[in-house]
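Undergrad: Can you read through this structure? Questions will come right after.
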Amino acid sequence: QPHLRKCFENIAKLTFQEDLKITAMHSMDGESVPFSETLYPTGNVEDWLLEVERVMRHSILESIKLCVEDYPRTTRTEWVLNWPGQVVIAGCQIFWTKEV
């Protein structure tokens, strides 16, 4: 998947199952975010890449929601290590804004 990072910033690869179902995205730093819904690359590449982008955004949003719910129940050190970097940054900003 050498051209994927040209389409999406810091996305190194997607996880394809044997039946070509796409189930997760992986950053160049090795972090992985499972997709909130799976999809198949069918039709024109431009169309399914737009669908991949939509699912990427939705998956990050769902991860942020879960991350924010997890924050009060977990020590901060453990919380930071349990979630992808982008999700942690967004979660920290949400809690900082909430406390100000």
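The values are calculated or read from the model by the stated rules, or taken from the named source; none is laboratory data. Keep in mind that what you see is a predicted model, and the values were worked out from it rather than measured. Don't worry about glycine lacking a Cβ; one is built from the backbone with ideal geometry, like all the others, and counts go over all protein chains shown. In case anyone asks, the SASA skips ligands and DNA or RNA and just uses the protein heavy atoms, side chains included. Shrake-Rupley method; radii C 1.70, N 1.55, O 1.52, S 1.80 Å.
Undergrad: Return one number: the angle in degrees, 0 to 90 and rounded to the nearest 10, between the long axis of the Cα atoms of helix 85-99 and the longest principal axis of the Cα atoms of the chain.
TA: For helix 85-99, the angle is close to 40 degrees.
Undergrad: Then there's this: Note down the net charge around Asp47, summing +1 for each Lys or Arg and -1 for each Asp or Glu among other residues with Cβ under 15 Å from its Cβ.
TA: Local charge sum for Asp47: -2.
Undergrad: If contacts are Cα pairs under 8 angstrom and at least 6 residues apart, what is the relative contact order of the range 30-92 in percent?
TA: 36 percent
Undergrad: Given 0.36 nm per residue, what is the gain on full extension from Gln17 to Glu99 after removing their alpha carbon distance, in nm?
TA: 25.3 nm
Undergrad: Here is a follow-up. Read phi for every residue in the range 12-23 and hand back ³J(HN,Hα) as whole Hz from Karplus 6.51 cos²θ - 1.76 cosθ + 1.60, θ = phi - 60°, with x for Gly and Pro.
TA: 7, 7, 10, 8, 10, 7, 4, 8, 6, 5, 9, 10
Undergrad: Taking the Cα centre of the chain as the origin, how large is its charge dipole in debye, to the nearest 20, when only Lys and Arg (+1) and Asp and Glu (-1) carry charge on their Cβ atoms?
TA: 240 debye
Undergrad: What is the extension gain from Arg76 to Thr38, computed as 0.36 nm multiplied by their sequence separation minus the C-alpha to C-alpha distance, in nm to one decimal?
TA: Here the segment from Arg76 to Thr38 would lengthen by 10.6 nm.
Undergrad: Multiply the residue gap between Leu66 and Asp29 by 0.36 nm, knock off their C-alpha separation, and tell me the result in nm, one decimal place.
TA: Fully extending the segment from Leu66 to Asp29 adds 11.2 nm.
Undergrad: Further, regarding this structure: Which percent of the accessible area of the range 24-100 is formed by carbon and sulfur heavy atoms (probe 1.4 angstrom)?
TA: That fraction is 57 percent.
Undergrad: Once you charge only the Cβ atoms, +1 for Lys and Arg and -1 for Asp and Glu, what is the size of the charge dipole of the range 54-100 about its Cα centre, to the nearest 20 debye?
TA: In debye, rounded to 20, the range 54-100 gives about 160.
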